[in-house]
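Structure incoming, see below.
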């Protein structure tokens, strides 16, 4: 029985049960043979019975067979075979959770773009490192008292810490910097993108790569130009008391390079107008103007975080 116990180590429960029954069967047969003979009984195990101390191993899904052979003094060789058992002698190794890629593109793939809110006042650096130079300090609130957001471009994991490359609302326009992932809220996704063509005085909205909106616009005058570059919508505002802005206004990350002394630093926006007859044309201090019916329709089609390309 000691040998049977050694054989059963490492087998699953139903495998051990089968082994125990067959081992008892062998001993029973041997005993019955001996009872028919006079004198003492001597039982000897023979090959191919596994030797004492043998370790039996099987990989998941494999077939495990054990053959036992024994003889009694003066008796025949007795054989018993444990039937094939499909299974594993040990639980399968736990699946390791795959590590996230070291570098991830967050925007611009398959017409998808991501943005996030700031959790606190945050330093943006020239590279993904605490030792990199600070290129901007991002406030928690915008000048309009809305929670500040950033457009997300790329993520990198370095020594277990994740950094995110973001677009900055500073001069020079289209600037970027790196912030810690821990300083950002949940990543949010948009599939819209607005393209402003200054030469043709048009604004075109794409959703998942398909054109869904187009309107004529007014842009900045030659000495107060609407700046060319890549931006994003930081906020959506409505219900202005001043009719000059129309019913809705979208604040961009773009800034005027010539009106830097304006309140808040001369940010560029997209808004309605109380002078629709001037559209299209070069009519503003840098902002993009739309007829009120167009800005109202656009307000329903895009969300905060939408990227804006000014050409």
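Please work out which residue is farthest from the chain's Cα centre (by Cα), limiting yourself to the stretch 115-129 and to residues that are surrounded by fewer than 19 Cβ atoms within 10 Å (Cβ to Cβ) and either free of Cβ contacts under 8 Å to residues at least 24 places away in the same chain or farther than 13 Å from residue 163 by Cα (or both).
The selected residue is 121.
Look through the stretch 176-223, keep the residues that are part of a loop (DSSP other than H, G, I, E, B) and out of contact with any strand residue (DSSP E or B) (no Cβ under 7 Å at 6 or more places or on another chain), and return whichever of them is nearest to residue 291 (Cα to Cα).
Filtering the stretch 176-223 for residues that are part of a loop (DSSP other than H, G, I, E, B) and out of contact with any strand residue (DSSP E or B) (no Cβ under 7 Å at 6 or more places or on another chain), the one nearest to residue 291 (Cα to Cα) comes out as 200.
Conditions tested, residue by residue: (1) over 17 Å from residue 173 (Cα atoms); (2) within 36 Å of the chain's Cα centre (by Cα); (3) part of a loop (DSSP other than H, G, I, E, B).
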{"residue": "249", "(1), (2), (3)": "yes, yes, no"}
{"residue": "253", "(1), (2), (3)": "no, yes, no"}
{"residue": "274", "(1), (2), (3)": "yes, no, yes"}
{"residue": "283", "(1), (2), (3)": "yes, no, no"}
{"residue": "300", "(1), (2), (3)": "yes, yes, no"}
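Something else now. Here are some residues: 247, 222, 227. Which one is free of Cβ contacts under 8 Å to residues at least 60 places away in the same chain and not assigned by TED's automatic domain parsing to the domain that holds residue 113?
247
Name, by its number, the condition in (1) over 20 Å from residue 296 (Cβ atoms); (2) loosely packed, with under 14 Cβ neighbours inside 10 Å; (3) not assigned by TED's automatic domain parsing to the domain that holds residue 138 that does not hold for residue 211.
Single failed check for residue 211: (1).
Taking the condition under 29 Å from residue 109 (Cα atoms), at pLDDT 95 or above and assigned by TED's automatic domain parsing to the domain that holds residue 300, does residue 166 pass? Before you say what the answer is, go through the steps one by one.
Working: under 29 Å from residue 109 (Cα atoms): yes; at pLDDT 95 or above: yes; assigned by TED's automatic domain parsing to the domain that holds residue 300: no.
Criteria not met by residue 166.
Filter the stretch 130-142 down to residues that are in contact (Cβ under 8 Å) with a residue 40 or more places away in the chain and assigned to a strand (DSSP E or B) and give me whichever is surrounded by the most Cβ atoms within 10 Å (Cβ to Cβ).
Applying the filter and picking the extreme gives 138.
Being under 17 Å from residue 230 (Cα atoms) and surrounded by fewer than 17 Cβ atoms within 10 Å (Cβ to Cβ) is the filter here; which residues of the stretch 194-203 pass it?
If the condition is that a residue be under 17 Å from residue 230 (Cα atoms) and surrounded by fewer than 17 Cβ atoms within 10 Å (Cβ to Cβ), then 195, 197, 199, 202 are the ones that fit.
Based on this model, can you work out whether residue 227 counts as crowded, with 16+ Cβ neighbours inside 10 Å, touching a strand residue (DSSP E or B) at 6+ places or on another chain (Cβ under 8 Å) and in a loop (DSSP other than H, G, I, E, B)?
Here the answer is yes, as residue 227 does meet what is asked.
The values are calculated or read from the model by the stated rules, or taken from the named source; none is laboratory data. Computed from a predicted structure; not experimentally measured. Using ideal geometry, Cβ is built from the backbone for each residue, glycine included, and neighbour counts are taken over all protein chains shown.
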